[in-house]
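The values are calculated or read from the model by the stated rules, or taken from the named source; none is laboratory data. Small disclaimer: the values here were computed from a predicted structure and weren't measured. So basically every Cβ, Gly included, is an ideal-geometry build from the backbone, and we count neighbours across all protein chains shown. What goes into the accessible areas is simple: the full protein's heavy atoms, side chains included, and nothing from ligands, DNA or RNA. Shrake-Rupley method; radii C 1.70, N 1.55, O 1.52, S 1.80 Å.
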Amino acid sequence: MKKHIYIYSPSSAVRDKAAFKRGVKRLQGLGHEVEVDEAALAKYQRFAGDDETRLAAIHRAAASGADVALISRGGYGLTRILPAINYKAVAKAVHNGTKFVGVSDFTAFQMALLAKTGAVTWAGPAVGEDFGSKTGPDDIMEACFDDMISGQGEGTGWTLPKPAAQFAINSIAGGAQSAPARSTFNINNAVLWGGNLAVLASLIGTPYLPAIKGGILFVEDVGEHPYRVERILTHLLHAGVLAQQKAIVFGQFSNYKLVPGYDRGFSLSSVVARLQSQVKARVLTGLPFGHVATKVLLPVGAKTTLAVEGRDAFLLWGHQH
């Protein structure tokens, strides 16, 4: 199904131009009409153009009438321009059918838009790192993208890690409460929100972090040691954000290194276990989303059902038009 895809750069400058070109060709090869923003390859300091250039690119994407507005890459830069974004124009574009898709730094844009307008965006791939991969796009990511772009996607599922990895609480938290690793439950009609953990934390205390109650919060990050992940989660905990959620779902935390002989068992699993001992929300892990090749697409801001049967987990949202 041929769609109009608008590619723009709201954050860091494109460093791997070969990957960018491969991504564009891949999307064209899938039969889509690809329109590349005039400033997509701009560079100013580490950014894809100065603040005004990147702001204008967002507004051109909103005015493009495209079926999908897809970022070239993440990085850093969106938090600098949040106050100047025309959220009404972006929300109108969403209402008219444009799906804004991205990952990483794009979380700032998604959270701000959700806070200001309630508009739904999509956590998903970027052009370069995903569609432009040297080995080709991941099959699952591409299938999920096709589902999203055709309006056929109604949810996603994954297998939870084994119980020992999912909840190792008793030995870590002194026998504190633990949620059963194998259980069946549904959380219905809850807003799905979240994204990059460090970016989320940077929005605390600003008008750009949505006040979601009874939500399903998903998080991911890259290059963050588990102690830094725990510090950010503790920030969200102390800010009262986590107590408002019905579920906290961990995506992929990639590209970090533990210190042999120093961390002494302190790992991401222990961070998750400690968090579960501190909140009433269900805490799940293993969601295939983050700075990894295999990533599902998630409708940020949509009403969603989280269903768990044993080690099978599902996020279900129905058709998103």
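Counting Lys and Arg as +1 and Asp and Glu as -1, what is the net charge of the other residues whose Cβ lies under 13 Å from the Cβ of N189? If you can, show how the numbers build up before the last one.
Details: positive: K213, K246, K303; negative: none.
The answer is +3.
Using helices alone, what [θ] at 222 nm do you get for the chain, with -39,500 (n - 2.57) per DSSP H run of 4 or more residues, divided over all residues and rounded to the nearest 500?
On the way: 11 runs with 101 residues, N = 321.
The helix contribution divided over the chain gives -9000 deg cm²/dmol.
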- Query: To the nearest 10 Å², what's H238's accessible area with a 1.4 Å probe?
  - Reply: 150 Å²
- Message: From zero outward in steps of 20 Å, how is the percent of C-alpha pairs of the chain spread across the bins?
- Response: 34, 58, 9
- Note on the structure: Note to self: C-alpha centroids of the stretch 251-273 and the stretch 53-127 sit apart, in Å, by 32 Å
- Task: Would you mind putting 97-106, 16-25, 253-262 in packing order, based on average other-beta-carbon counts within 10 Å, highest first?
- Result: 97-106, 16-25, 253-262
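As a test of reading the structure, rank K134, K246, K43 by solvent-accessible area (1.4 Å probe, protein chains only), most first.
Heavy-atom accessible area, descending, gives K134, K43, K246.
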- Task: Please list R26, R54 in order of solvent-accessible area, largest first, computed with a 1.4 Å probe with all protein chains present.
- Result: R26, R54
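Report the net charge of residues surrounding P125, where surrounding means a beta-carbon distance below 10 angstrom and charges are Lys +1, Arg +1, Asp -1, Glu -1.
Numbers: positive: K295; negative: E129, D130, D138, E142.
Overall, the nearby charge balance is -3.
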- Each residue of the stretch 103-109 in order: what ³J(HN,Hα) in whole Hz does its phi give by Karplus 6.51 cos²θ - 1.76 cosθ + 1.60, θ = phi - 60°, with x for Gly and Pro? 8, 6, 4, 4, 3, 4, 5
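Can you work out the accessible area per residue across the chain, with the rest of the protein chains kept in place, probe 1.4 Å, in square angstrom? Could the numbers behind the result be given before it?
Details: 13700 Å² over 321 residues.
For the chain, the solvent-accessible area averages 43 Å² per residue.
State the percentage of accessible surface on the chain attributable to carbon and sulfur atoms; use a 1.4 Å probe and exclude ligands, DNA and RNA.
49 percent
Estimate the FRET efficiency between A84 and K213 by the formula 1/(1 + (r/R0)^6), using the beta-carbon distance for r and 35 Å for R0, to the nearest 0.05. Mind showing how you got there, number by number?
On the way: r = 29 Å, r/R0 = 0.81.
Step by step, r from the Cβ atoms, then E = 0.75.
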- Message: With angles folded into 0 to 90 degrees, how steeply does helix 268-278 sit against the dominant principal axis of the chain? Use alpha carbons for both and round to 10.
- Response: 70 degrees
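Ranked by accessible surface with a 1.4 Å probe, highest first, in what order do I204, I216 come? Before the final figure, lay out the partial values.
Working: I204 40, I216 0 Å².
Final ranking, largest accessible area leading: I204, I216.
Count the net charge of all other residues whose Cβ sits under 12 Å from the Cβ of T294, scoring Lys and Arg as +1 and Asp and Glu as -1.
On the way: positive: K295; negative: D130, D138, D139, E142.
Neighbour charge sum, excluding T294 itself: -3.
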